[in-house]
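Notes follow once the structure below has been shown.
The values are calculated or read from the model by the stated rules, or taken from the named source; none is laboratory data. Predicted model, so just to flag it, every value in this text is computed and none were measured. Ideal geometry is used to build each Cβ from the backbone, glycine not excepted, and the neighbour counts take in all protein chains shown. When the accessible area is computed, the model is the full protein with side chains, heavy atoms only, and any ligands, DNA or RNA have been set aside. Shrake-Rupley method; radii C 1.70, N 1.55, O 1.52, S 1.80 Å.
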Amino acid sequence: MVRRQIMNIREAKGEIIRTVEMYLDKNEFGEYTIPVSRQRPIFMTGAPGIGKTAVIQQIASELDLALVSGSMRHHTRQSAQGRPVIKARDHDGTQICVSEYTISEIIAAVYRVMEDSGKKEGILFLDEINCAPEALEPAVRQFLRYKTLGNRQVPEGWVVVTAGSRPEYSRSVKEFDMAVMDRLKRMDITEDISIWKQYAFQQGIHAAVIMFLETHPQWFYSVRSMEEGMRYVTARGWEDLSTATRLYEEKGFEITGRLTGQYITDEEIAEEFGISYGLYRKCKADYRIADILSGKAGQELIEKSQRAERDERYSILGLILEMLGEGFRKSASRESSLQMVERALGSMKKGVKEDRLPVSLLLQEQTDRLRERLRERAAANSITAREREEYLAAIRTLAEYKKNPDTGAPHKDLDKIKKQFGREVRQHEKQNAQVKSMLEAALSFLEEAWGKNQQEMAFFLTALTSFADNPASASQWVREACFQYEQEQGLEV
């Protein structure tokens, strides 16, 4: 008997990427290799909050596809029948009436994104597909079987991805019959803390959250039915708590159980996190992390670390990784923005060589191209916050170059800008060297404090691998530094 394959979110991401690329493959005549009618919609099932929506956003960004997302839960019998709700809207002081909540508006959104972004291919993602109101069930079945909503067809080049919950997590879940399931590409996804931790390090999740879950992995994902109602903790809850905690810290707000309870509804887990967060704050005050990463820890700090209990040691590790991770991410983002600038300067060479156009004009053209590319990706919903910042950084750099006045000699003007760019590259390399030095100092401190074969060192190297595995989060030298250390110390991680 063949058992249903259950995968973690990273495995699901890889399988979805392969499926999308397969569906969008074309033959020599420009026709889709697999006819659209035979392209089964992807159907992901899994617990709420494990990252199904986030992974689709990542895929759209990485494959540079447009993305339209929606949910079936809020639609009604009227919307299924195409009977819109009329809403009054104010536009520039004028009251107008518009219709909303027809199912076909989802398809209309696809066409709007295609028009605004210029992208003809993308992903249509519908969440909570098996939690739609009962009146919508016929429309849902029709959509999954024929890719139509209302009387509108999903356009060619758009891969349908859906997600739903399992019955144990939602009373509104409805099972699809065999006729529907036989037309879906099903993926059952389970929570996996080891995969989430890799994501957490790459995204800069608050160290207090990561370290708490490192020492209490059983509380990463929890759903309990109590007399007073459901008590649950999800990956999404931990990430949102991380964001809120960081902002509270920046603004100097007090972090209490009231804040934690807004994201972690299980009182026992929220209370334990509060205790752990208190330890994190104590370690942040007691251990001079900047001194550790500059190689100035001193024997007193090393001996204090040696006396630390397990939870305190992991708080120290979290603080070190937090500062290193920030350096890795800044380095990678700067690398990406400098590559954009380098490509822009390369494109300007032709204009200078063949047309002898003023450098200021060529810089404006390249700036406009970057702005348009940024606008297209934003319109396609296929750009992350980090990528947006990288585009803006490149645009700001080109704007700085435009402050150099034209001299009437385009070749000399371009050479001057290239020299300025070279200085920025060298400054970036200097910053890279500084972060690498911080990494080496951290490795030296941990070895001296706890030994090279301790569990803490293994955890630290594994965390660094999370950065090195993602080109967007760390440079090649991070991988090389870890590999060199492991070889020198005879470690196997």
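Against the numbered list (1) open to solvent by less than 50 Å² (accessible area, probe 1.4 Å); (2) in contact (Cβ under 8 Å) with a residue 12 or more places away in the chain, residue 261 comes up short only at (2).
The residues on offer are 192, 177, 182, 188, and the sole one that is in contact (Cβ under 8 Å) with a residue 60 or more places away in the chain and open to solvent by 40 Å² or more (accessible area, probe 1.4 Å) is 192.
Quick one: is residue 113 within 30 Å of the chain's Cα centre (by Cα), of a type outside the set (D, E, K, R) and at pLDDT below 90?
Judged against the criteria, residue 113 is not a match.
If only residues of segment 207-236 that are small (Gly, Ala, Ser) and surrounded by fewer than 21 Cβ atoms within 10 Å (Cβ to Cβ) are counted, the one that is modelled with the highest pLDDT is 222. Looking at 232, 199, just one residue is closer than 30 Å to residue 462 by Cβ and not in a strand (DSSP E or B), and that residue is 199. Among residues of segment 123-148 being farther than 23 Å from residue 55 by Cβ and not in a helix (DSSP H, G or I), the one that is modelled with the lowest pLDDT is 133.
Taken over segment 379-399, the residue count meeting the criterion of being small (Gly, Ala, Ser) and in contact (Cβ under 8 Å) with a residue 60 or more places away in the chain is 4. If I filter segment 446-457 for residues that are open to solvent by 40 Å² or more (accessible area, probe 1.4 Å), under 20 Å from residue 338 (Cα atoms) and either at pLDDT 65 or above or outside any helix (DSSP H, G or I) (or both), do I get at least one hit? Among the residues of segment 446-457, not one is open to solvent by 40 Å² or more (accessible area, probe 1.4 Å), under 20 Å from residue 338 (Cα atoms) and either at pLDDT 65 or above or outside any helix (DSSP H, G or I) (or both), which makes the answer no.
Looking only at residues of segment 25-46 that are surrounded by fewer than 20 Cβ atoms within 10 Å (Cβ to Cβ) and of a type in the set (A, V, I, L, M, F, W, C), we find that the one that is farthest from residue 188 (Cα to Cα) is 29. The single condition among (1) in a helix (DSSP H, G or I); (2) more than 18 Å from residue 50 (Cα to Cα) that residue 237 does not satisfy is (2). Just checking, how many residues over segment 379-415 are surrounded by 15 or more Cβ atoms within 10 Å (Cβ to Cβ) and part of a helix (DSSP H, G or I)? Adding up the residues that qualify gives 14.
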